[in-house]
Amino acid sequence: MMNKEEYVEKKPSYQYMRETVGKDENRLHFHLMPPTGWMNDPNGLCQFRGINHIYFQYTPFLAGWGTKLWGHYTTTDWIYFQEHDPFLFPDCDWDRDGVYSGSAFVAEDKIHYFYTGNVKLQDQEYDYILEGREQNTIHLTSIDGMQASKKQLLMTNTDYPTDMSKHVRDPKVFVQDGRYYMVQGARDRESKGCVLLFESEDLETWTYFDRIQPKEKFGYMWECPDLFELSGQKILMACPQGLEQEGHNYQNVYQCGWFPIEMDFKEKKYKLGEFHELDKGFDIYAAQTFLDEKGRRILIGWMGIPDAEYDNDATVDYEWIHALTMPRVLTFQNGKVIQAPLEEMKNLRKNKKATTIQSFGQWKTTDSCFELYIRREDACAEMELRLREDVTLIYRKQVFALKMGKSGHGRRSRTIQLESVRNVRVFSDTSAIEIFINDGEEVMTTRVYSEGLEQTVEFLDSATDGEVYVYDLGQFVIEDARTV
Ligand code: FRU
């Protein structure tokens, strides 16, 4: 539990965390991070009356796993941000062990929020899977994204199907043919992951509608589902846990990806297509999307992953951990979800350098914050590009690899089978790299800790020439707009 008053009381004694964070060279320049402490999933993403709201799982006073609040940033242009007071606190019996992940649904006059109130019973020993946990679905509204209304309990575990374990969470709401639907991630009692669907006419009374579950078990738990449409194609995003690695697939401990899905809401019938990982890098999870006022489907992911074998200790030493990915615009082309960096990121560009692969040479960067674009003449040719002393991108024998040495802090190699590599766009930030391949058909995201190492970009090998553009990138401006 931590209500707003307790937070306000505690805050002064954690002021030192802000000072420590400020000394860290790994603080990111164009990725959102926790001001102090821990961040995980993006929550409640929405645009309301011109303002984009980015809430997130947040423990302000601890750079580790703790009881979650919802932190809050806003922006109108994706370059200037404001940091606000935390929006939600674990302050009632329904959410006393964490205001867990959830979403926003914009209605005409207000924003509706749906989230999971986490409760961990401590009165005896439990397995915390079948017993010992409550996951309550809670609703509230706001007229401006800042002031939260009273919380309203919508559902408890007894409202979920009886064959569910206690793990049912992360509601996301959408509208279809004038009715509201909610997806929730779940683990059934046989430890098979699925998505539960609920329906409502008024956003307050919800009844169970159906479940989406492949015939064959596909992981033991699915977290953070999202259901939306791209160019007429319905997409179900979710984070399955418990998939075994199969060749180039599922190299991370947990996955974050999407299925194409055909849904007939009247007949309660659906056809689930094949699962695709959203991002084949090391650090991606719990992605959420929203439709902005321009009609863009924007995705932001957590640039981290639970229970990974690699670490982020370098920033923990400075009292913070984890970050969010850059916002990405989704489209659907040739059966694939395509991710493109948000157009507004171009406003960070400074000093353009245009050259060719053959004449690129060795380029030493000062703060390692740049955008690099390569368009290759022969898309099938092999190449090896060094981004930093021990971070390389290699395309050989139709396998694209991201390889990291010491600066990966345990991250070694991630690979994708690719018939050709037409172009590569790299966004390099102090301690994060996002790589968009073939105009965003594939993406690889990673954290990186290369302090003290040489920051040199160089083609070690390239069997084809091509154009290269490099831009130095500026920084987000984050204004402190907290009131308490
Ligand atoms: C995913 C997740 C969600 C949960 C939240 C808790 O990273 O485990 O399922 O709501 O994080 O912080």
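All but one of (1) more than 15 Å from Tyr113 (Cβ to Cβ); (2) away from the ligand (no atom under 15 Å from the Cβ); (3) modelled with pLDDT of 95 or more; (4) open to solvent by 40 Å² or more (accessible area, probe 1.4 Å) hold for Lys215; state the number of the condition that does not hold.
Tallying (1) more than 15 Å from Tyr113 (Cβ to Cβ); (2) away from the ligand (no atom under 15 Å from the Cβ); (3) modelled with pLDDT of 95 or more; (4) open to solvent by 40 Å² or more (accessible area, probe 1.4 Å), Lys215 fails exactly one: (3).
Do the conditions hold for Lys151, that is, is it away from the ligand (no atom under 13 Å from the Cβ), more than 26 Å from Phe105 (Cβ to Cβ) and either open to solvent by 20 Å² or more (accessible area, probe 1.4 Å) or modelled with pLDDT of 95 or more (or both)? Quick ask: steps written out before the conclusion?
Details: away from the ligand (no atom under 13 Å from the Cβ): yes; more than 26 Å from Phe105 (Cβ to Cβ): no; either open to solvent by 20 Å² or more (accessible area, probe 1.4 Å) or modelled with pLDDT of 95 or more (or both): yes.
No.
Check Glu229, Glu199 and return the single one that is touching a Lys or Arg at 6+ places or on another chain (Cβ under 9 Å), within 21 Å of Phe290 (Cα to Cα) and either at pLDDT below 95 or open to solvent by 40 Å² or more (accessible area, probe 1.4 Å) (or both). Talk me through it step by step, then tell me what you get.
Values: Glu199 fails: either at pLDDT below 95 or open to solvent by 40 Å² or more (accessible area, probe 1.4 Å) (or both).
Exactly one residue qualifies, and that residue is Glu229.
Just to check your reading of the model, which residue among Glu371, Glu309 is open to solvent by less than 10 Å² (accessible area, probe 1.4 Å) and either touching a strand residue (DSSP E or B) at 6+ places or on another chain (Cβ under 9 Å) or in a loop (DSSP other than H, G, I, E, B) (or both)?
Just a single option satisfies the conditions, and that option is Glu371.
Checking Met33 against (1) open to solvent by 10 Å² or more (accessible area, probe 1.4 Å); (2) in contact with an Asp or Glu (Cβ under 7 Å, 6 or more places away or on another chain); (3) not in a strand (DSSP E or B), which test does it fail?
(2)
Within 12 Å of the ligand (Cβ to nearest atom) and of a type in the set (Asp, Glu): which single residue out of Asp24, Asp41 fits that description?
That would be Asp41, the only listed residue that is within 12 Å of the ligand (Cβ to nearest atom) and of a type in the set (Asp, Glu).
Would you confirm, using the coordinates I've provided, whether Ile79 is farther than 23 Å from Cys256 by Cβ, β-branched (Val, Ile, Thr) and touching a helix residue (DSSP H, G or I) at 6+ places or on another chain (Cβ under 7 Å)?
The answer is yes for Ile79.
Cβ-Cβ below 7 Å, separation at least six or inter-chain, first residue in the stretch 88-103 and open to solvent by 40 Å² or more (accessible area, probe 1.4 Å), second polar (S, T, N, Q): which pairs?
Asp91/Asn3; Trp94/Asn136; Asp97/Thr67; Asp97/Asn118
Is it the case that the stretch 119-126 has a residue that's part of a loop (DSSP other than H, G, I, E, B), open to solvent by 40 Å² or more (accessible area, probe 1.4 Å) and within 13 Å of the ligand (Cβ to nearest atom)?
Looking for residues that are part of a loop (DSSP other than H, G, I, E, B), open to solvent by 40 Å² or more (accessible area, probe 1.4 Å) and within 13 Å of the ligand (Cβ to nearest atom), one finds none in the stretch 119-126, hence no.
Looking at Thr366, Thr355, Thr331 in this structure, which one is part of a loop (DSSP other than H, G, I, E, B), of a type in the set (Ser, Thr, Tyr), touching a residue at least 12 places away in the same chain (Cβ under 8 Å) and open to solvent by 10 Å² or more (accessible area, probe 1.4 Å)? Step through it out loud before you land on a result.
On the way: Thr355 fails: part of a loop (DSSP other than H, G, I, E, B); Thr331 fails: part of a loop (DSSP other than H, G, I, E, B).
The unique qualifying residue is Thr366.
Please state which one of Ile111, Ile138 is within 13 Å of the ligand (Cβ to nearest atom) and buried (at least 18 other Cβ atoms within 10 Å of the Cβ).
Ile138
Among the candidates Asp77, Asp93, Asp41, which residue alone is modelled with pLDDT of 95 or more, charged (D, E, K, R) and over 22 Å from Leu299 (Cβ atoms)?
Result: Asp93 is the single residue among Asp77, Asp93, Asp41 that is modelled with pLDDT of 95 or more, charged (D, E, K, R) and over 22 Å from Leu299 (Cβ atoms).
Could you please give the count of residues in the stretch 63-81 that are within 16 Å of the ligand (Cβ to nearest atom), open to solvent by 10 Å² or more (accessible area, probe 1.4 Å), touching a Phe, Trp or Tyr at 6+ places or on another chain (Cβ under 8 Å) and not hydrophobic (A, V, I, L, M, F, W, C)?
Number of matching residues: 2.
The values are calculated or read from the model by the stated rules, or taken from the named source; none is laboratory data. Just so you know, these numbers come straight off a predicted model, no measurement behind them. Counting neighbours? That spans all protein chains shown, and the Cβs are built from the backbone with ideal geometry, glycine included. Heads up: the accessible areas ignore ligands, DNA and RNA and are worked out on the full protein's heavy atoms, side chains in. Shrake-Rupley method; radii C 1.70, N 1.55, O 1.52, S 1.80 Å.
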